[in-house]
1. Output the qualifying pairs, or none if there are none: Cβ atoms under 8 angstrom, residues six or more apart or on different chains, first residue in the stretch A:326-344 and of a type in the set (Lys, Arg), second residue at pLDDT 95 or above and not in a loop (DSSP other than H, G, I, E, B).
2. Looking only at residues in the stretch A:101-116 that are closer than 21 Å to B:LEU112 by Cα and in a loop (DSSP other than H, G, I, E, B), which one is nearest to the other protein chains (Cβ to nearest Cβ)?
3. If I go through the stretch B:207-246 residue by residue, how many of them are more than 10 Å from chain A (Cβ to nearest Cβ) and over 20 Å from B:LEU263 (Cα atoms)?
4. Any residue at all in the stretch A:265-273 that is of a type outside the set (A, V, I, L, M), within 16 Å of the chain's Cα centre (by Cα) and buried (at least 16 other Cβ atoms within 10 Å of the Cβ)?
5. Considering only the stretch A:163-173, I want to know if a residue exists there that is acidic (Asp, Glu), within 12 Å of another protein chain (Cβ to nearest Cβ) and under 18 Å from A:ILE59 (Cβ atoms).
6. Which condition number in (1) within 14 Å of another protein chain (Cβ to nearest Cβ); (2) within 30 Å of B:LEU112 (Cα to Cα) is the one that A:GLU25 fails?
7. Kindly indicate whether any position in the stretch B:106-123 is free of Cβ contacts under 8 Å to residues at least 12 places away in the same chain and of a type in the set (S, T, N, Q).
8. Look through the stretch B:67-93, keep the residues that are hydroxyl-bearing (Ser, Thr, Tyr) and free of Cβ contacts under 8 Å to residues at least 24 places away in the same chain, and return whichever of them is nearest to the other protein chains (Cβ to nearest Cβ).
2 protein chains.
Amino acid sequence: MKVIHNDLHHLHAAEFEFFRGDKVEAFEKSARADFVLRALQDVKFGEYVERESFPDDVITRVHSARYLNFIRGAHAEYLSLGGKGDAFPSVWSIRGMRSDVEPKNFAARMGLYSFDSGTPLTPGAYAGSRAGADCALTGAKLVAQGERSAFVLTRPPGHHAGSDFFGGYCFLNNAAIAAQYLRDYGASRVAILDVDYHHGNGTQEIFYARDDVFFASIHADPSTDYPFFLGYADEEGEGAGRGFNLNLPLAQGASPESWFAALEVAIAKTRVFKPDALVVSLGVDTYEGDPISHFKLRTREDYPRLGEMIAAMKVPTLFILEGGYAVKEIGDNVVSTLTGFESK
Amino acid sequence: MKVIHNDLHHLHAAEFEFFRGDKVEAFEKSARADFVLRALQDVKFGEYVERESFPDDVITRVHSARYLNFIRGAHAEYLSLGGKGDAFPSVWSIRGMRSDVEPKNFAARMGLYSFDSGTPLTPGAYAGSRAGADCALTGAKLVAQGERSAFVLTRPPGHHAGSDFFGGYCFLNNAAIAAQYLRDYGASRVAILDVDYHHGNGTQEIFYARDDVFFASIHADPSTDYPFFLGYADEEGEGAGRGFNLNLPLAQGASPESWFAALEVAIAKTRVFKPDALVVSLGVDTYEGDPISHFKLRTREDYPRLGEMIAAMKVPTLFILEGGYAVKEIGDNVVSTLTGFESK
């Protein structure tokens, strides 16, 4: 399998994050990607392909230009205003408020383009994320050109980032950017399978009204788990996109059996859609030992099976790393999934 | 003038607040109301009337029942979950996200019902605010029964609180609750004049589609000042309420002359509306010495004139204290306004 490693991911390194109001050590840290890289190398998995650079107009097929402009310059602007360290938003545009006007105030724009207070905008958040998007696009290009599969080893993750907002550690939605690239370069229908513990609210938001990108997600019930305000089973898409969004929320503590039962449903519906390409938002925070999640997948028993079931769909597949916060085990869980896929 | 003092305001006393990401001493503190009380007593202003208790169904004419239920129990729930000190929200339901479903998760409900991260939900936030709403209702009842005017000396302020959200130090919208009471007990048309430095986004949101309550506000340009996402001049109301919302934003540093020119416009339009009663959201953070605001009104020259101009409308008037963070001067600025009113 081709592997595209984000060589610039370490540019984004948070000092700390806010978790439910407390200042804590960042869960989304550089070591995550480093452990995955080491685990791949330990078993000599994959052929490495260099990150290619893509122009901004590929990104703005998914993200709004004003959002991209903002996050590109945000941390420098923060410093120029006397800010120190990482930047955090403090006020949000909720229901009934406006998002059509972009305020002049920096704190206001931070809030306009985000939905939580726990995602640190570091000095290198944009550079690291933009390189990650290039990795996702490099992988998408390989798949568009006929590769059976590729794996994008990147962080920060992407699936919580929407068309014009960051949050949940995510700034650019790698999976959505890749799916759009596949659509623009040959695939008539693209499916996105999101197996991260958390709902991929950003990805859903981006494709919610479209019938050419099918989004299926297995995740923790949003009533109890982040991102809380999206990911319920009754969200089926809107307009032309009605029927092209599938949420399969599960209760905290759901067994591997229930998880795979949901995966069977997601795969069956994805098959009906007949995608020309598949993007997998591969979060492994479904792992039994994850520090902030509550599913129970096991390294040896379950992740290989996940890979095998995806392979059985026989669709060109692009895996993109999302969450997974049990840092020491994240590598093994990713390798287990990818080797499971390759075994079929 | 009748004065209703919130004897329980000190139940809400924040340890600190977050201001643009920094943990700072709370601006909205108990001393604010204490200084106003002392300044009134120093000049022997007003006849004190005791706070009367009103049932919740008066409050839910303005706030949603689920919001009221939430904030009533929120801090106790926070403690029961192991929380310490004041509670702060951390994740919000922005555009495209859902607010129809109330999540089970406490942090999620904190975010669902708020729009900033800087408003501390203290152990006594609800009790202090609920007593404040009773004070506002006591004042409204006096005006409904024929008083020419009354002053509600309360904190925390209210005008940023919407039908189902807190923020900007506000939990219950005293001005909106009082205006609705006046509508329900005799007044056909009620005007709300908001002279606080910050736009009264909560009050606007509550009455935006109604033609029986006219809302006029003079405030700092939302593009540069809190609450940022509402308060622009083109917000004129919607549906039946079209034409019944008037925003007069001014640039930071606006002179007293420009401020009074805007007040002339607000008063002229309010006269056309022919209100049976007037509620004044009396923020004195328009003061030249305010630590977080940027207008230039002066204690002796400007606040008496404000009071006189309101009196000249000859409408029964209920003053309700909103912002004002120059603690030592807040009392003099309020007294200047109210004595100006009484002089006419």
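1. If the second residue must be at pLDDT 95 or above and not in a loop (DSSP other than H, G, I, E, B), the pairs left are A:LYS328/A:PHE35; A:LYS344/A:GLY307; A:LYS344/A:GLU308; A:LYS344/A:ALA311.
2. A:PHE115
3. 10
4. no
5. Yes, the stretch A:163-173 contains a residue that is acidic (Asp, Glu), within 12 Å of another protein chain (Cβ to nearest Cβ) and under 18 Å from A:ILE59 (Cβ atoms).
6. Status for A:GLU25: all satisfied but (1).
7. No, the stretch B:106-123 has no match at all.
8. Ranking the qualifying residues of the stretch B:67-93, first place goes to B:SER93.
The values are calculated or read from the model by the stated rules, or taken from the named source; none is laboratory data. Bear in mind that the values here come from a model prediction, so they are computed numbers and not experimental data. A quick note on method: Cβ atoms are made from the backbone with ideal geometry, for glycine too, and the neighbour counts reach across all protein chains shown.
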